[in-house]
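The values are calculated or read from the model by the stated rules, or taken from the named source; none is laboratory data. What you see is a predicted model, and the numbers here were worked out from it, not measured in a lab. Cβ placement follows ideal geometry from the backbone for every residue including glycine, while neighbour counts extend to all protein chains displayed. To get the accessible areas, we keep the full protein, side chains included, count just its heavy atoms, and leave off ligands, DNA and RNA. Shrake-Rupley method; radii C 1.70, N 1.55, O 1.52, S 1.80 Å.
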Amino acid sequence: TDLGNVEVVFGSLANQESRAAIPPDRMSYNFVRSVPLKVNTDIARGESLIRKAPAMFPDYLSDERSISIDRDKYQSIWLTIQIPNDALPGAYSGSIKIETDKGSKSVDVQLTVYPLTMPEKSNLYTTNWYQMHKKYHDFQNPFDEKFFKLIEVYAKNMAAHRQNVFRVELNSISATRDKNKRLTFDFTNFDRWVGIFEKTGALSRIETGFVAHFETGDWDDTKIVLRDYDVKDETTGELIKMKGESYLPQLLPALEKHLKGKGWLQKTLFHISDEPCNHNIIS
């Protein structure tokens, strides 16, 4: 039957031996929502292909607290349980209640807590890359208010999953060239981007984007070259492309000085190029 007002209600999970419990306020849920996929990826061959496109594929965790479910449809629910640091090890059990406008059902939950404590601060430098593109995200221009709001969402989620290395692109630093071909740099967007990650309390390292790439764009290319950079010409007001060979010798000293002034120099890591290999090691 159709179900409306579907919600999840948590109860405590109890350890019968120790009488310890994990309270409901340590638990949360998300409905798993799907996205349309027109074609399967070209690596999904043979038995690895579990569903043939075009189809809907489960992809993201929704913030909705209540949803409707049509008859004959399945709906996954993602449960998150945060184990208190002082939780006693052992087997915990209890139930969650699925409430709907047609009534409610209880589902048994079992959880094993192991005898270890994760340190508050990770000793392993961990990064997960992400991309911000207005084709897929809800912002009009890079570095507008919506752009930075999305960065805040990313930052909060990354920090919650113990990520402590955050990528901040060099294109967030804008450059202007005067009539003598000297460059001046504006670090406003770069600083705001880093500042958002810094507010999480998890920032151990700042990771820059690449300064070089495969010349043809193909991974099997034997030659790696410095990338070009957008620069505003002070005289004409136009954006021009500037070769890395000319741009970086001016950017890097300015950036080093800026990072040092911010106290970020010792925690900044630079990329040269992604996935170097034997066939391009000389380049």
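In a simple Cβ point-charge model (Lys, Arg +1; Asp, Glu -1; nothing else charged), region 140-211 has a dipole of about 140 debye relative to its Cα centre.
Taking the Cα centre of region 90-233 as origin and assigning +1 to Lys and Arg Cβ atoms and -1 to Asp and Glu Cβ atoms, the resulting dipole is close to 280 debye. About its Cα centre, region 1-65 has a charge dipole of approximately 200 debye under the convention of +1 per Lys or Arg Cβ and -1 per Asp or Glu Cβ, with nothing else charged.
Given a 1.4 Å probe and every protein chain left where it sits, what share in percent of the accessible area of region 133-220 is carbon and sulfur? C and S atoms contribute 50 percent here.
Sort region 1-114 into rounded, prolate or oblate with this rule: let a ≥ b ≥ c be the square roots of the eigenvalues of the Cα gyration tensor; rounded if a/c is under 1.5, and if a/c is not under 1.5, prolate when a/b is larger than b/c, oblate otherwise.
Note, shape of region 1-114 comes out oblate.
Other residues within the sphere of radius under 14 Å centred on the Cβ of residue 256, judged by their own Cβ, net out at +4 (K and R +1, D and E -1).
Membrane-span-like helices in the chain, defined purely by DSSP H runs whose alpha carbon atoms cover 24 Å or more axially and whose average Kyte-Doolittle hydropathy reaches 1.0, do not occur. Using a cut-off of 30 Å between Cα atoms, the listed pairs 232/262; 105/134; 149/223 include 105/134; 149/223 as exceeding that distance.
Shape analysis of region 185-280 places it in the oblate category; the axes a ≥ b ≥ c from the Cα gyration tensor give an a/c of at least 1.5, with a/b not above b/c. In the assembled protein chains, residue 269 presents an accessible area of approximately 80 Å² (probe radius 1.4 Å). Solvent-accessible surface of the chain, taken per residue with a 1.4 Å probe and all protein chains present: 69 Å². Ordering 189, 141, 242 by Cα displacement along the dipole of the chain toward the positive end leaves 189 in first place; charges were set at the Cβ atoms of Lys, Arg (+1) and Asp, Glu (-1).
For the chain, what class follows from the C-alpha gyration tensor (a ≥ b ≥ c being the square roots of its eigenvalues): rounded when a/c is under 1.5, otherwise prolate if a/b is larger than b/c, else oblate? Prolate is the answer for the chain, as a/c is 1.5 or above and a/b outweighs b/c.
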